[in-house]
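Written out below as structure tokens is the structure these notes cover.
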Amino acid sequence: AASPWGRFDPSGYVKGWAVERAAQILSAAGSASHLVNGGGDEQRAGRRPGGAGADGGREPGTSAGPPWRVGIADPLRSGRLALVVEARDCGVATSGTAERGTHIMNPRTGDAAAGLASVTMIGPSLALADACATAAFAMGPGLARDWTESLDGYEAYGITEAGDTWQTSGLAARIAKD
């Protein structure tokens, strides 16, 4: 990523990479189920432990608990969720204006990226999901939707500055039912 001053700034990528790497270390140490969170971007492994019910929340025929649930913040309504998705063995990253205000630049114009309030990406690698969420945000709504749809193994959910939403075709299967 480039800073507004034209210098390379790897800090946006490093956070996702570091969280993903920490999750890999836990997996290598034998943890089959964990969630590592770094500033709201998360890498998940397996399913969440336990759960409600006599069977400990386990689905029939499995030894794992229920899937992790991820709340996607509504960037236009503080303290509210826009959507809840279920995820396992993946990274979830959101880029937008809710937490840090305007901080993502359009590299073509040098101005602040416009048109989107947030883009959430879900896929196997948190580092890549985080980088793609930021790139999609910088593209604006016109390009981001088609580009994220083309990414193999990754799903996206976008919220425009006007409050409209869009999602890639595979995201529907991840939306929590309750």
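The values are calculated or read from the model by the stated rules, or taken from the named source; none is laboratory data. Because the structure is predicted, anything quoted here is derived from the model rather than measured. Here Cβ is always computed from backbone atoms with ideal geometry, including for glycine, and neighbour counts include all displayed protein chains. These area figures cover heavy atoms from the full protein model, side chains too; ligands, DNA and RNA do not enter into them. Shrake-Rupley method; radii C 1.70, N 1.55, O 1.52, S 1.80 Å.
General remarks:
- Among the residues listed as VAL92, VAL70, the single one being under 11 Å from the mean Cα position of the chain (by Cα) and either modelled with pLDDT under 90 or part of a loop (DSSP other than H, G, I, E, B) (or both): VAL70
- When GLY101, GLY163 are screened for being in a loop (DSSP other than H, G, I, E, B) and modelled with pLDDT of 90 or more, only GLY163 passes.
- Answer residue from the range 11-33, given it is under 20 Å from TRP68 (Cβ atoms) and in contact (Cβ under 8 Å) with a residue 40 or more places away in the chain and is surrounded by the most Cβ atoms within 10 Å (Cβ to Cβ) among those: GLY16
- Check on GLY38, modelled with pLDDT under 85 and either more than 20 Å from LEU126 (Cβ to Cβ) or among the aromatic types (Phe, Trp, Tyr) (or both): no
- Evaluation of GLU59 against (1) part of a loop (DSSP other than H, G, I, E, B); (2) open to solvent by 40 Å² or more (accessible area, probe 1.4 Å); (3) at pLDDT 90 or above (one fails), failing number: (3)
- Given (1) surrounded by 19 or more Cβ atoms within 10 Å (Cβ to Cβ); (2) at pLDDT 85 or above, index of the condition GLU86 fails: (1)
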